[in-house]
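See structure below.
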Amino acid sequence: MDKPLKILFATPEAVPFAKTGGLADVAGALPKYLQPLGCEVVLIMPYYRMVKRSGLPIQYLGEEIEVPLREEALRAEVYQSQLEPNIMVYFIGRDEFFDREYLYSTPKGDYFDNAERFVFFTRAVLRLARHIGFSPDLIHHHEWQTGLIPAYLKSIYENDPFFAHTATVFTIHNIAYQGLFKKEKFPLTGLPSEMYNPEGVEFWERINLMKAGIVYADVINTVSQKYSEEIQSPEYGYGLEGILRKRNADLYGILNGVDYQEWDPAHDSHLIARYDLRDLSGKQECKRDLLKEFGLPAALEKVPLLGMISRLADQKGFDLLAEILDQLFSFDLGFVLLGTGEQKYHDLFQQVAQKYPQKAGIRIAYDDRLAHKIEAGADLFLMPSKYEPCGLNQIYSLKYGTIPVVRATGGLDDTITHYDPSKGTGNGFKFARYDAKEFLNQIKTAIVFYAQPEHWTKLVRNAMNSDFSWHRSAEAYLQLYRRAIEKRKGSI
Ligand code: ADP
């Protein structure tokens with residue numbers, strides 16, 4: 001057997017230690033699926049307050065490393081845990097930077113010293129790799145917080161034998177968050193001044209850490225094929241479309257997998273009843289239970305129940321929903337929503353709850369248990385996103401036989417195929433233009449099919465048979481790693 005590929009994961013968050021979004025799920029799950037494919041994975045992330053208080057078994061190694069920042073050498077404490085036996089996780093500790101209530105920003109905005117915090121983290125990752133003697137074949141780094149890694153490998157560490165063969169893969173999970181800082185912060189990075197130019201880390205007289213990753217990584221990917229194409233256009237690229245087009249030959253898309261141990265109605269402990277394709281009767285029980293949970297009339301059991309679980313943010317298409325609410329509630333249906341986020345949407349949905357108490361159930365909260373109940377108890381799942389790098393909820397919905405109605409963007413477009421009644425193919429309903437009428441039309445279409453059991457059974461079957469397990473994605477990442485390593489060697 002070949003010797004294992006040594007992969008270093010540098011990530012600002014990972015489940016189960018700290019999470020703000022889908023990135024944490026990827027960083028926490030992917031290493032487990034890479035290991036059986038012959039990879040030795042070591043993960044490094046910051047030692048946040050959230051990690052400290054997680055109650056997970058984490059050990060202080062009694063060691064410190066020195067990390068250069070500006071003219072100083074700052075100390076970082078090293079902590080250790082495991083994702084699974086044989087998957088080591090190291091944490092970079094420095095209370096001044098990471099012992100805070102939030103990871104990146106408070107409700108009032110970003111922390112003022114995010115540049116210092118994540119330059120420090122990035123430099124610490126490379127120092128720590130050497131400290132623990134882990135000379136990686138490849139560093140897989142995520143989001144702007146770690147964007148500088150290949151810039152360091154191509155400058156400060158260029159002739160360092162320890163990283164002589166280290167290739168890099170940079171994953172963009174959401175290009176809207178770029179790590180933009182004033183140009184005066186550039187010296188903080190310790191990078192040679194030549195790198196501060198429009199072909200490097202400069203972005204309109206500021207520094208852009210995500211751009212550093214895009215410019216210098218051997219290979220780049222996003223979390224769906226469609227999103228990797230979309231971000232090369234001005235509408236989705238947030239100013240980085242030009243540089244992405246330039247690197248187009250090295251830009252890939254790999255869908256995130258989902259954790260079917262966590263999200264499968266056949267053994268979901270959050271549900272009142274479990275079900276699978278052979279016996280769907282449990283789904284009806286889950287619907288009754290969900291209506292009860294929201295205090296909605298039991299009679300809604302007979303009509304389509306629409307579900308949403310989401311961050312309440314502009315990205316998710318709530319302005320389209322707001323436009324069609326009154327028409328929607330003129331139909332015979334129920335609606336449940338679980339989410340938190342921007343105040344304007346909290347207000348909007350509180351009003352909906354008051355205006356349509358017999359049809360709408362609203363819960364402004366983050367509640368994992370209720371998320372499972374909605375996935376199981378709803379008939380349709382709505383995701384009219386403006387953009388969606390991958391999206392997880394539509395994939396969970398498929399497994400629960402809850403039919404997604406989505407906008408054809410990013411991962412939504414890659415995972416949902418429009419139902420074709422003549423062939424009986426497809427697992428959901430899609431609309432292309434970001435337009436409220438189109439959204440409403442697809443909801444109406446779905447409702448028409450809901451009333452025709454021969455079609456609905458087919459749709460539910462197709463949905464539940466869709467497979468988005470991590471196995472596929474891990475294989476795809478392994479190929480990407482091989483490509484990056486070849487590229488680093490100069491053989492392609
Ligand atoms: P994003 O990462 O943009 O928020 P995704 O669909 O990729 O969107 O992932 C969202 C994840 O967060 C899913 O696992 C979803 O179930 C969960 N989630 C979002 N909002 C809530 C909430 N209010 N309560 C429980 N889970 C939520």
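The values are calculated or read from the model by the stated rules, or taken from the named source; none is laboratory data. All values derive from a computational prediction rather than experimental measurement. Here Cβ is always computed from backbone atoms with ideal geometry, including for glycine, and neighbour counts include all displayed protein chains. For the accessible areas, the whole protein counts, side chains as well, though only heavy atoms, and no ligand, DNA or RNA atoms are used. Shrake-Rupley method; radii C 1.70, N 1.55, O 1.52, S 1.80 Å.
Can you find a residue that is free of Cβ contacts under 8 Å to residues at least 60 places away in the same chain, closer than 21 Å to residue 373 by Cα and open to solvent by less than 10 Å² (accessible area, probe 1.4 Å) anywhere in the range 411-424?
Within the range 411-424, not a single residue is free of Cβ contacts under 8 Å to residues at least 60 places away in the same chain, closer than 21 Å to residue 373 by Cα and open to solvent by less than 10 Å² (accessible area, probe 1.4 Å).
If only one of 366, 387, 396 is closer than 19 Å to residue 268 by Cβ, open to solvent by 10 Å² or more (accessible area, probe 1.4 Å) and part of a loop (DSSP other than H, G, I, E, B), which one is it?
366
Quick check on this structure: which one of 350, 315 is surrounded by fewer than 18 Cβ atoms within 10 Å (Cβ to Cβ), at pLDDT 95 or above, within 16 Å of the ligand (Cβ to nearest atom) and part of a helix (DSSP H, G or I)?
So the residue among 350, 315 that is surrounded by fewer than 18 Cβ atoms within 10 Å (Cβ to Cβ), at pLDDT 95 or above, within 16 Å of the ligand (Cβ to nearest atom) and part of a helix (DSSP H, G or I) is 350.
Do the conditions hold for residue 403, that is, is it in contact with a strand residue (DSSP E or B) (Cβ under 6 Å, 6 or more places away or on another chain), closer than 21 Å to residue 463 by Cα, away from the ligand (no atom under 16 Å from the Cβ) and among the β-branched types (Val, Ile, Thr)?
When the stated conditions are applied, residue 403 passes them.
Report yes if some residue within the range 287-304 is within 16 Å of the ligand (Cβ to nearest atom), part of a helix (DSSP H, G or I) and within 24 Å of residue 462 (Cα to Cα); otherwise report no.
Yes: the range 287-304 contains one or more residues that are within 16 Å of the ligand (Cβ to nearest atom), part of a helix (DSSP H, G or I) and within 24 Å of residue 462 (Cα to Cα).
Taking the range 373-384 as the search range and keeping residues that are more than 10 Å from the ligand (Cβ to nearest atom) and open to solvent by 10 Å² or more (accessible area, probe 1.4 Å), which one is farthest from residue 303 (Cα to Cα)?
373
On the given criteria, is residue 322 under 30 Å from residue 173 (Cα atoms), within 12 Å of the ligand (Cβ to nearest atom) and open to solvent by 10 Å² or more (accessible area, probe 1.4 Å)?
no
Could you go through the range 110-126 and let me know if any residue there is open to solvent by 10 Å² or more (accessible area, probe 1.4 Å), over 29 Å from residue 220 (Cβ atoms) and assigned to a strand (DSSP E or B).
So far as the range 110-126 goes, no, none of its residues is open to solvent by 10 Å² or more (accessible area, probe 1.4 Å), over 29 Å from residue 220 (Cβ atoms) and assigned to a strand (DSSP E or B).
Could you tell me which residue of the range 325-347 is farthest from the ligand (Cβ to nearest atom), considering only residues that are aromatic (Phe, Trp, Tyr) and not in a helix (DSSP H, G or I)?
Of everything passing the filter in the range 325-347, 331 is farthest from the ligand (Cβ to nearest atom).
Answer yes or no as to whether residue 100 is open to solvent by less than 50 Å² (accessible area, probe 1.4 Å), basic (Lys, Arg) and either more than 16 Å from the ligand (Cβ to nearest atom) or under 22 Å from residue 148 (Cβ atoms) (or both).
Judged against the criteria, residue 100 is a match.
Sort out for me the strands (runs of 3 or more DSSP E) sitting completely within the range 127-229 that have 1 or more residues that are more than 22 Å from residue 97 (Cβ to Cβ), out of contact with any His (no Cβ under 6 Å at 6 or more places or on another chain) and open to solvent by less than 10 Å² (accessible area, probe 1.4 Å).
Output list reads 138-142, 167-172, 219-222.
With the requirement that a residue be open to solvent by 60 Å² or more (accessible area, probe 1.4 Å) and over 20 Å from residue 276 (Cβ atoms), what does the range 444-486 give you?
Result: 444, 448, 451, 454, 472, 475, 479, 482, 483, 486.
Scanning the range 318-347 for residues that are within 23 Å of the chain's Cα centre (by Cα) and among the hydroxyl-bearing types (Ser, Thr, Tyr), which turns out modelled with the lowest pLDDT?
340
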